[in-house]
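Asker: The following block contains the structure, expressed as structure tokens.
The values are calculated or read from the model by the stated rules, or taken from the named source; none is laboratory data. Predicted, not measured: the structure shown is a model, and the values here were computed from it. As a convention, Cβ positions derive from the backbone with ideal geometry for all residues, glycine included, and neighbour counts pool all protein chains shown.
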Ligand code: SAH
């Protein structure tokens, strides 16, 4: 991450520090996740007009009807995904503005991230290049069935809610791999899916609110 990037001054570092303290108070315990979040200038991922709210614990609009995830949910998903261990190859479905991908980049060896909306994909690509994030590979594609040609993955995170768990997606997890995703149409819950030697274990976690998974690319 290039901390020389314009706009990343002490003020933003201090504000991020306060955000980290808030995440800690909200129960996030994984220091690697907290440090990774502390390193990413979230204000650069939203429109300038919203930059003043970038470190509040809220989802913010990123155009095209989409949102940048709330910091707590990014922290929660990555803490569950990591399970206290460094990650190898990870797939993210729903790049959006690229914020979570930039956080993940510090926690995983290699990150594949898929976005179906072309202008979002392009903006994320430009910003991650400017920030010199080199281990994230972005694809403009429908990620609802994962990314079979790049898998299998040690971890999969989905930033949009599907009505049900896709079989193709599960198949792209290595044995010992973990997937964290929101499921449900009306009421949504975060789920942890673990692939074991015997099969898959599903654990329901928090009630959440994500934008829906849509099919096709635009
Ligand atoms: N990871 C982002 C969250 C973006 S919101 C962050 O860091 O804040 C979820 C994103 O999922 C949206 O940009 C939406 O366009 C995308 N999405 C929805 N359905 C998709 C699909 N089938 N394939 C890829 N991306 C999808």
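Asker: When you go through 37, 68, 62, 73 one by one, which is the residue that is out of contact with any strand residue (DSSP E or B) (no Cβ under 8 Å at 6 or more places or on another chain) and under 21 Å from residue 182 (Cα atoms)? Working first, answer last.
Answerer: On the way: 68 fails: out of contact with any strand residue (DSSP E or B) (no Cβ under 8 Å at 6 or more places or on another chain); 62 fails: out of contact with any strand residue (DSSP E or B) (no Cβ under 8 Å at 6 or more places or on another chain); 73 fails: out of contact with any strand residue (DSSP E or B) (no Cβ under 8 Å at 6 or more places or on another chain).
Matching residue, one of 37, 68, 62, 73: 37.
Conditions tested, residue by residue: (1) out of contact with any helix residue (DSSP H, G or I) (no Cβ under 8 Å at 6 or more places or on another chain); (2) modelled with pLDDT of 95 or more; (3) assigned to a helix (DSSP H, G or I); (4) surrounded by 24 or more Cβ atoms within 10 Å (Cβ to Cβ).
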residue	(1), (2), (3), (4)
73	yes, yes, yes, no
76	yes, yes, yes, no
88	yes, yes, no, no
96	no, yes, no, yes
101	no, yes, yes, yes
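Asker: Only residues that are surrounded by 14 or more Cβ atoms within 10 Å (Cβ to Cβ) and within 16 Å of the ligand (Cβ to nearest atom): list them for segment 195-211, please.
Answerer: The answer is 208, 210, 211.
Asker: Scan 90, 180, 157, 103 and give me the residue that is within 23 Å of residue 214 (Cβ to Cβ) and within 11 Å of the ligand (Cβ to nearest atom). Walk me through it before giving the result.
Answerer: On the way: 90 fails: within 11 Å of the ligand (Cβ to nearest atom); 180 fails: within 11 Å of the ligand (Cβ to nearest atom); 103 fails: within 23 Å of residue 214 (Cβ to Cβ).
Of the residues listed, the single one that is within 23 Å of residue 214 (Cβ to Cβ) and within 11 Å of the ligand (Cβ to nearest atom) is 157.
Asker: Scanning segment 31-69 for residues that are assigned to a loop (DSSP other than H, G, I, E, B) and under 13 Å from residue 103 (Cα atoms), which turns out nearest to the ligand (Cβ to nearest atom)? Break it down into steps so the answer makes sense when it comes.
Answerer: Restricting attention to segment 31-69, the residues satisfying the condition of being assigned to a loop (DSSP other than H, G, I, E, B) are 40-41, 46-47, 54-59, 62-66, 69.
From the residues that got through so far, the ones that are under 13 Å from residue 103 (Cα atoms) too are 40-41, 69.
Values: 40: 10, 41: 13, 69: 4 Å.
Result: 69.
Asker: Right, here's the next one. If you take the residues of segment 172-194 that are surrounded by fewer than 20 Cβ atoms within 10 Å (Cβ to Cβ) and in contact (Cβ under 8 Å) with a residue 24 or more places away in the chain, which of them is nearest to the chain's Cα centre (by Cα)? Let's see the steps before the verdict.
Answerer: Of the residues in segment 172-194, the ones surrounded by fewer than 20 Cβ atoms within 10 Å (Cβ to Cβ) are 174-176, 184-189, 192-194.
After this cut, where a residue has to be in contact (Cβ under 8 Å) with a residue 24 or more places away in the chain as well, the list is 185, 188, 192-193.
Details: 185: 20, 188: 17, 192: 14, 193: 16 Å.
Of everything passing the filter in segment 172-194, 192 is nearest to the chain's Cα centre (by Cα).
Asker: Report yes if some residue within segment 114-130 is in a strand (DSSP E or B) and closer than 27 Å to residue 39 by Cα; otherwise report no. Please lay out each step first, then the result.
Answerer: Within segment 114-130, the subset in a strand (DSSP E or B) is 114-115.
Okay, now just the ones that are also closer than 27 Å to residue 39 by Cα, so 114-115.
Yes - at least one qualifying residue is present in segment 114-130.
Asker: Continuing with the same structure: Regarding segment 154-169, can at least one residue be identified that is surrounded by 13 or more Cβ atoms within 10 Å (Cβ to Cβ), out of contact with any helix residue (DSSP H, G or I) (no Cβ under 6 Å at 6 or more places or on another chain), modelled with pLDDT of 95 or more and closer than 15 Å to residue 83 by Cβ?
Answerer: yes
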